[in-house]
Amino acid sequence: MSTILAFAGSNSSTSINHQLVTYLTTQLKETSFELFKLSDMDLVIYSEDEERDNGFPTSISQIYKHIQASEGLIVSVNEHNSNPSAFFKNVLDWLSRLDRKFLEGKKVFLLSTSNGSRGGIGSLEVTKNMLPRFGAEIVDTFSFPSFKENFSVEDKKISNEAIKNEILQKLHQFEIALK
């Protein structure tokens, strides 16, 4: 059975991207998973001086080990000004310094969401173009629009049936791609 590492690229304690990833892990049928919360990581901003003087943060080594132990990843990226957050970019910067091809051989289902109707698509597109540089194979993407309108936080599930059907179909195809 394949193992998926699932996380959101957000450092918000109330991340809607983390809520979306959490929901999707409950829908996995043929795959085991590990849900990782990047917001729990203690992480300084990357710089050559920081790396030279202090080495790699323990949290980066931990997420790297989890990535290496998985066959695939479900990642939902948040958006700040049509780009991935500085926090997520910082995580990628550290990981790529530890191992430039840290995603080599990893299949990725890439998502984004926001409370706006574009669903974080700017961040999704930037990340979709960036991750293959590190070896990732993007299997599929999904931009989840208007989170507050289409996801019931109280029930912890997607409330819009059309969106639910589309994203679950893509999730199922992702599981098939891992075989």
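The values are calculated or read from the model by the stated rules, or taken from the named source; none is laboratory data. What you are looking at is a predicted structure, and each value in this text was computed from that prediction instead of being measured. With ideal geometry, Cβ positions are generated from the backbone for all residues, glycine too; neighbour counts draw on all protein chains shown. Just the protein is used for accessible areas: all its heavy atoms, side chains included, with ligands, DNA and RNA removed. Shrake-Rupley method; radii C 1.70, N 1.55, O 1.52, S 1.80 Å.
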(request) Could you run through the range 67-91 and say how many residues are of a type in the set (A, V, I, L, M, F, W, C) and either open to solvent by 70 Å² or more (accessible area, probe 1.4 Å) or more than 14 Å from the chain's Cα centre (by Cα) (or both)? (result) 2
(request) For Ile138, indicate whether it is open to solvent by 30 Å² or more (accessible area, probe 1.4 Å) and in contact with a helix residue (DSSP H, G or I) (Cβ under 7 Å, 6 or more places away or on another chain). (result) yes
(message) I'm trying to understand the selection: among the residues of the range 1-24, which are touching a Ser or Thr at 6+ places or on another chain (Cβ under 9 Å) and in a helix (DSSP H, G or I)?
(response) Ile16, Asn17, His18, Gln19, Leu20, Val21, Leu24
(request) Determine which single condition Ser114 fails, assuming it passes every other condition in (1) touching a Gly at 6+ places or on another chain (Cβ under 6 Å); (2) hydroxyl-bearing (Ser, Thr, Tyr); (3) surrounded by fewer than 21 Cβ atoms within 10 Å (Cβ to Cβ). (result) (3)
(request) Sort out which residues of the range 44-66 are surrounded by fewer than 18 Cβ atoms within 10 Å (Cβ to Cβ) and touching a residue at least 24 places away in the same chain (Cβ under 8 Å), and write them in order of number. (result) Ile45, Glu51, Phe56, Ser61, Tyr64, His66
(request) Select from the range 41-58 the residues that are touching a helix residue (DSSP H, G or I) at 6+ places or on another chain (Cβ under 8 Å) and either among the small types (Gly, Ala, Ser) or at pLDDT below 95 (or both) and list them in ascending order. (result) Met41, Asp42, Leu43
